[in-house]
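Student: Here it is: the structure, laid out below.
No lab work stands behind these numbers, since they all come straight from the coordinates. Since we're looking at a predicted model, the values are computed, not measured. We place every Cβ from the backbone using ideal geometry, glycine too, and count neighbours over all the protein chains shown.
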Amino acid sequence: GRPRDLAGRRVVVSAGGTREAIDPVRYIGNRSSGLQGYALARTAAARGAEVTLVAANVALPDPAGAAVVRVESAAELREAMLAAEGGADVVVMAAAVADFRPAERHEAKIKKTDGEPAAIHLAKNPDILAELGVRRKERGDGSPGVLVGFAAETHDVLANGQAKLARKGCDLLVVNQVGANLAFGTSDNAATILVAGGDPIEVPRGPKDDVADAVWDAVAPRLL
Ligand code: C5P
């Protein structure tokens, strides 16, 4: 059985991948399945937490014991996270947020034309995790007590990951080993959990529930 070490704690997890509308029928998206974020929500609930799950375009049944807020775009995900994070004990950004969105959303479906295809101009999306780190600092009440980010790194994992951990102002950064049929859409994952002011934790390849439990094992002792 799992420890009940998150009993009475309020946990917010984002999962899935955002879709950025081009027109009413098309979007720019990514291949995130939401499986790892859902595993985090399910295991946190099983460890006693009160869980809010902000799900971006995930085709999975609601995990038992979590309140699910469904969103589509990065802008909606940001609003949902800002609405939920105040007073939370833990916030985990496991969602794949699009770095860019189409600068304008066409009201009508874009038509095929005989000439050149229309260009899609992009605008930068806000970095939600970095914003949560800034908000925590500015608020100064220490909440959320633990802020967790995710990252997919292909090279210089430790150096890039440590720099990202500092830049984003989070306490833990779960770095996925990308490639070799890991991560996207699979039920297995492998990761290194980078810890602010501590040694990295290697999580061997295994079910996403095991990776999720390893994250909560790292989070729990940091809760005051
Ligand atoms: O910078 P990078 O995209 O590698 O960082 C990944 C982490 O930052 C993830 O936790 C992701 O949820 C979060 N992120 C975010 N807003 C963005 C881009 C990434 O919160 N616009």
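Student: Could you list all residues from the stretch 44-57 that are over 19 Å from residue 84 (Cα atoms) and out of contact with any Pro (no Cβ under 8 Å at 6 or more places or on another chain)?
Tutor: Step one: filter the stretch 44-57 for residues over 19 Å from residue 84 (Cα atoms), giving 46-47.
Scanning the stretch 44-57 gives a single hit, 46.
Student: On to the next question. Look at residue 104 and say whether it is more than 14 Å from the ligand (Cβ to nearest atom) and either closer than 19 Å to residue 13 by Cβ or not in a loop (DSSP other than H, G, I, E, B) (or both).
Tutor: No.
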